[in-house]
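The structure appears right after this line, and notes come after that.
The values are calculated or read from the model by the stated rules, or taken from the named source; none is laboratory data. Computed from a predicted structure; not experimentally measured. Cβ placement follows ideal geometry from the backbone for every residue including glycine, while neighbour counts extend to all protein chains displayed.
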Amino acid sequence: MRRKSLSPRLLSLAASRPRSDFSPSTNSSAKLKVFLLSGTLFLMAAKPILAGNPPEAGKASWYGEEHRGKLMANGKRFNPDKCTAASWFYPLGTRVRVTLNVPAQPPRSVLVTITDRGPAHQFVRGGRIIDLAHAAFRQIAHPSLGLAPVTLTVVE
């Protein structure tokens, strides 16, 4: 395979920018990392936050119409009418059973596929472990709740 070299224009642009433009921002909420190697652009999907065991219980939130059509981490467009979810704790493509964890109510669950990364990091620190597409959240709780206590089980 023949290696491409950077064009003089790209080299001059890179040299003229401050070095900090090329370092990752600690405040960035970007879901993809971009690398420029030998004139080729490489995208690396964000990896799950935890290398160990993912949490089994926490809070689920939902996201819907305002995100319709936006690209997800798996490269496809988001559709809030599908049973998909966003999580930092599971690899993309993982199927997870999300069960409502309210003792006073009969158990309700939904099977979702992890297609995106989320919830936002500040919410993960607050106990959110999964963002469900609107259709998936509706199957276990009323969307007006906003958050629901859930347990997660990986389906193989």
Among (1) loosely packed, with under 15 Cβ neighbours inside 10 Å; (2) out of contact with any Gly (no Cβ under 8 Å at 6 or more places or on another chain) - the single one residue 127 does not satisfy: (2)
Every pair of residues 6+ apart whose Cβ atoms lie under 7 Å, when the first sits in the stretch 105-120 and is in the same structural domain as residue 77 (by TED's automatic domain parsing) and of a type outside the set (Gly, Ala, Ser) while the second is loosely packed, with under 15 Cβ neighbours inside 10 Å and in a strand (DSSP E or B): 111/97; 111/155
Name the pairs whose Cβ atoms lie under 8 Å apart, with the first residue in the stretch 141-156 and touching a residue at least 60 places away in the same chain (Cβ under 8 Å), the second part of a helix (DSSP H, G or I), and 6 or more positions between them or separate chains? 143/134; 143/137; 148/137; 148/140; 150/140
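With respect to residue 81, determine if the residue is under 12 Å from the mean Cα position of the chain (by Cα) and either in contact (Cβ under 8 Å) with a residue 24 or more places away in the chain or assigned to a loop (DSSP other than H, G, I, E, B) (or both). Working first, answer last.
Numbers: under 12 Å from the mean Cα position of the chain (by Cα): no; either in contact (Cβ under 8 Å) with a residue 24 or more places away in the chain or assigned to a loop (DSSP other than H, G, I, E, B) (or both): yes.
When the stated conditions are applied, residue 81 does not pass them.
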